[in-house]
Structure formats: structure tokens, C-alpha cells
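Read through the structure below, which is laid out as C-alpha cells, and then see the notes.
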Amino acid sequence: MTWQFILWNDEPGANVDKIAQHGLAIDDVEYVLQHPQRTAISRSSKRPLIYGTTPGGDYIVVVYEEIDDETIYPITAYIPDKD
């Protein structure tokens, strides 16, 4: 699970905008992608998930699409509910 390329799109409504809506930055997401603590599959979207802790201490989940063996597109990231 080591990707060489992480695709970011800063157009309105794209992944940079989506993570910012959740109070996260590109650096937070990239750190978690490089230091995963857990993986899973979303029950709703069926997309892969990566969980991890940002350098600031937030435990987040990253929803992504694997484009190929070297490339990933983070769809969104957020702090999960603590239910």
C-alpha cells in the first residue's frame, strides 16, 4: 500500500475542497496514507478506507480510489463519529 502519486484536485467540490470542509489539510491526509493504522471497506460506498492519526492528533478516515498500483485519489477524509 505504498503509492508514488496522490492526486489532488483544487476545483470547487473536488477532494481538496471536501477535506477542507472537514477541517483537514492535504498534509493530514498524506500523512495518514503513509502511516495507516487500519484499513476497511465502506459499507455505503464500497470504497476502500484508511484510518490513522494526523500529526495534530486527530484520528481520521480517508476514503479513496486506487487508480493503479502507484496512484491514489483521495475522495474525502473526515473525523469519524465516536459512537
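A short reminder: the numbers here are calculations on the coordinates, not readings from a lab. Since the model is a prediction, treat every value here as computed from it, not as a measurement. Neighbour counts run over all protein chains shown; Cβ positions are idealised from the backbone, glycine included.
Couplings 3J(HN,Hα) of the stretch 4-14, computed from phi: 8, 10, 10, 8, 10, 10, 9, 6, x, x, 8 Hz, in residue order, whole Hz [Karplus 6.51 cos²θ - 1.76 cosθ + 1.60, θ = phi - 60°; x for Gly and Pro].
About its Cα centre, the chain has a charge dipole of approximately 420 debye under the convention of +1 per Lys or Arg Cβ and -1 per Asp or Glu Cβ, with nothing else charged.
For GluC sites (Glu not before Pro), the sites in the chain that DSSP calls loop and that have at most 15 other Cβ atoms within 10 Å are E70. The phi torsions of the stretch 38-45, fed into the Karplus equation with coefficients 6.51, -1.76 and 1.60 and a -60° offset, translate into couplings of 7, 10, 6, 10, 5, 5, 7, 9 Hz, rounded to whole numbers, with Gly and Pro shown as x.
Here the alpha carbons of the chain define both size measures, Rg and Dmax, at 11.8, 34 Å. For the stretch 5-20 versus the stretch 40-83, the spacing of their alpha-carbon centroids is 14 Å.
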